[in-house]
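**Q** Okay, handing you the structure first.
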Amino acid sequence: MKDRKRVEEEIKRLKKQKNAVILAHNYQLPEVQDIADFTGDSLSLSREAAKTQADMIIFCGVHFMAETASIISPDKKVLIPDEKAGCSLADTINAEQLEDWKKENPNAVVVSYVNTTAEVKALSDYCCTSANAVQIINSIPEGKEILFLPDMFLGAYAAKVTGRKIDIWPGECHVHAGIRKQDLDEMQESHPEAEMIIHPECGCTTNLMYQVENGACTENGNGNGNVKFLSTGGMIKHVKESVSKEFIIATETGMLYPLRKANPDKKFHPARENAVCKYMKMITLPKVLQSLEEEIYEVKVPLETALKAKRSIERMLEVTS
Ligand code: 13P
Ligand code: SF4
């Protein structure tokens with residue numbers, strides 16, 4: 001405990017001395033979220049990276065998120081405290097595979113989820129996050145062919161909500177894909193009063209959307225028996241406003257920390273206890289301190305790739321601003 005206090009104080013001191021800002025994703029360890037200047041979902045973290053006056057960004061999240069910050073703010077030093085913090089979803093498609101897919105569909109508009117490498121973003125027309133995938137698809141003129149990558153559950157969700165015909169890459173996140181309809185059924189049986197909050201990357205998304213369509217459960221509005229598909233940032237906003245007192249949260253379990261912190265009077269149950277992203281948990285307080293001290297590990301994207309990738313990120317920020 002004493003050690004933790006010392007590490008926290010040292011982080012604060014160095015942060016001030018180096019004019020650094022700490023950004024942390026909602027899935028980060030509680031102690032890392034507590035030391036951060038800003039916590040949020042991928043979209044809000046990109047926005048913070050774009051507007052910060054700091055000289056250095058310590059990005060507590062996974063590699064593609066730090067890369068996005070570096071693309072948006074190339075004049076800032078962007079550091080990730082553990083360079084091995086990757087993303088199984090981003091790994092499901094590389095630039096070569098996307099080039100081949102584009103050759104097969106030369107007239108299509110490419111929409112890439114932000115969980116992709118800079119090279120993949122550089123080959124994309126639009127970037128999107130789970131918070132704005134629907135808005136981005138809706139901004140594309142009717143009749144245009146759309147290629148969506150890499151998450152098939154988010155893609156299916158966006159296609160269903162917008163009613164658009166979309167070609168979807170068959171990628172998935174190993175953590176979210178593992179959250180199945182059966183997990184939710186079991187949780188709902190034990191907590192019949194709870195509202196279900198689902199991240200659209202989850203394996204249960206498609207099945208639940210089908211149920212919503214058939215009236216087996218309802219989307220929108222507050223209260224019991226409801227299901228909502230939300231980004232991690234959307235979850236925080238919705239839970240605060242909801243009249244419900246109990247929630248089943250279908251996403252990475254780190255999400256329960258900010259939800260409980262902001263809503264001490266409400267109850268939260270993870271849809272699946274072992275839905276843990278090992279990459280997100282690689283960032284620890286001692287590593288944040290080491291990152292500030294030694295200025296490691298710098299995330300820098302080659303200029304040509306960064307400029308192309310930036311276009312797709314800026315198009316997203318323009319549509320959603
Ligand atoms: P959010 O954009 O909802 O924060 O999700 C990012 C992510 O990696 C989900 O696994
Ligand atoms: Fe990637 Fe899944 Fe981890 Fe999110 S939870 S960072 S999509 S591996």
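**Q** Taking the alpha-carbon distance from Lys228 and a cut-off under 21 Å, which lysines remain once sequence neighbours fewer than 8 residues away in the same chain are dropped?
**A** Lys160, Lys181, Lys237, Lys240, Lys245, Lys261, Lys266, Lys267
**Q** With +1 assigned to the C-beta of every Lys and Arg and -1 to the C-beta of every Asp and Glu, and no other charges, what is the dipole magnitude of the chain about the Cα centre in debye, to the nearest 20?
**A** Dipole magnitude for the chain comes out near 800 debye.
**Q** Would you kindly state how much longer the chain becomes between Asp75 and Lys266 on full extension, computed as 0.36 nm times their sequence separation minus their alpha carbon distance, in nm to one decimal?
**A** Additional length available on full extension: 64.5 nm.
**Q** May I pose another question? Just to check I understand the Karplus step: with θ = phi - 60° and J = 6.51 cos²θ - 1.76 cosθ + 1.60, what whole-Hz values come out for region 148-165, glycine and proline as x?
**A** 10, 8, x, 8, 6, 6, 5, x, 5, 5, 4, 5, 5, 5, 8, x, 8, 7
**Q** Between Pro286, Asn226, Val299, whose Cα lies farthest towards the positive end of the dipole of the chain when Lys and Arg beta carbons carry +1 and Asp and Glu beta carbons carry -1, centred on the Cα centre?
**A** So the residue we want is Pro286.
**Q** Also, I was wondering about something else. By the scheme Lys and Arg +1, Asp and Glu -1, what is the net charge of all other residues having a beta-carbon under 12 Å from that of Tyr113?
**A** -2
**Q** I'd like the trypsin sites (Lys or Arg not before Pro) in region 103-187 restricted to DSSP loop residues with at most 10 other Cβ atoms within 10 Å, sorted by number.
**A** Passing both the DSSP loop test and the Cβ count: Lys165.
**Q** Between Glu318 and Lys240, what is the FRET efficiency for a Förster distance of 35 Å, r being their Cβ-Cβ separation, to the nearest 0.05?
**A** Efficiency, rounded to the nearest 0.05: 0.80.
**Q** Of the chain, which part is the longest with no GluC sites (Glu not before Pro) in a loop (DSSP not H, G, I, E, B) and with at most 10 other C-beta atoms within 10 angstrom?
**A** Working: sites that count: Glu142, Glu273.
Within the chain, the longest run free of exposed GluC sites (Glu not before Pro) spans 1-141.
**Q** To continue, here is another question. Can you tell me the relative contact order of the chain? Whole percent, Cα pairs under 8 Å, sequence separation 6 or more.
**A** That works out to 23 percent.
**Q** Right, here's the next one. Using a ≥ b ≥ c from the Cα gyration tensor of the chain (square roots of the eigenvalues), is it rounded, prolate or oblate, where a/c under 1.5 gives rounded and otherwise the larger of a/b and b/c decides, a/b for prolate? Present the calculation step by step, with values, prior to reporting the outcome.
**A** Details: a/c = 1.99, a/b = 1.11, b/c = 1.79.
Oblate.
**Q** For a quick check: with amide H placed at 1.01 Å from N, whose amide H comes under 5 Å from Phe229's, ignoring anything fewer than 5 positions away on the same chain?
**A** When sequence neighbours closer than 5 places are left aside, the close amide H contacts are Ile198.
**Q** Kindly identify region 219-321 as rounded, prolate or oblate by the Cα gyration tensor criterion: order the square roots of the eigenvalues as a ≥ b ≥ c, call it rounded if a/c is under 1.5, otherwise compare a/b with b/c, prolate if a/b is larger, else oblate.
**A** The shape class here is oblate.
**Q** Per residue, what accessible area does the chain have, given a 1.4 Å probe and all protein chains present, in Å²?
**A** Per residue, the chain has 44 Å² of solvent-accessible surface.
**Q** Placing +1 at every Lys and Arg Cβ and -1 at every Asp and Glu Cβ, with all other atoms neutral, what dipole size does region 1-64 have around its Cα centre, in debye to the nearest 20?
**A** On the way: 11 positive and 10 negative charges, 52 e Å.
Computed about the Cα centre, the dipole is about 260 debye.
**Q** What is region 1-116 by shape, rounded, prolate or oblate, if you read a ≥ b ≥ c off the alpha carbon gyration tensor as root eigenvalues and call it rounded for a/c under 1.5, prolate for a/b larger than b/c, and oblate otherwise?
**A** On the way: a/c = 2.95, a/b = 2.15, b/c = 1.38.
Judged from the Cα gyration tensor, region 1-116 comes out prolate (a/c at least 1.5, a/b above b/c).
**Q** Which value in deg cm²/dmol, rounded to the nearest 500, describes the helix-derived mean residue ellipticity at 222 nm for the chain, given -39,500 (n - 2.57) per DSSP H run of n ≥ 4 and division by the residue count?
**A** Details: 15 runs with 143 residues, N = 321.
Helix contribution divided over all residues of the chain: -13000 deg cm²/dmol.
**Q** Also: Would you mind telling me the share, in percent, of accessible area of the chain contributed by carbon and sulfur at probe 1.4 angstrom?
**A** C and S atoms contribute 49 percent here.
**Q** Cα centroids of region 46-74 and region 258-321: how far apart, whole angstrom?
**A** So the separation of the two Cα centres works out to 9 Å.
**Q** Can you sort Ser88, Ser231 by 1.4 Å-probe accessible area, starting with the largest?
**A** Ser88, Ser231
The values are calculated or read from the model by the stated rules, or taken from the named source; none is laboratory data. Fair warning: this is a prediction, and the values are worked out from it, not measured in the lab. Positions of Cβ are generated from backbone atoms using ideal geometry, with glycine treated the same way; all protein chains shown enter the neighbour counts. Protein only, heavy atoms only, side chains kept; ligands, DNA and RNA dropped before computing areas. Shrake-Rupley method; radii C 1.70, N 1.55, O 1.52, S 1.80 Å.
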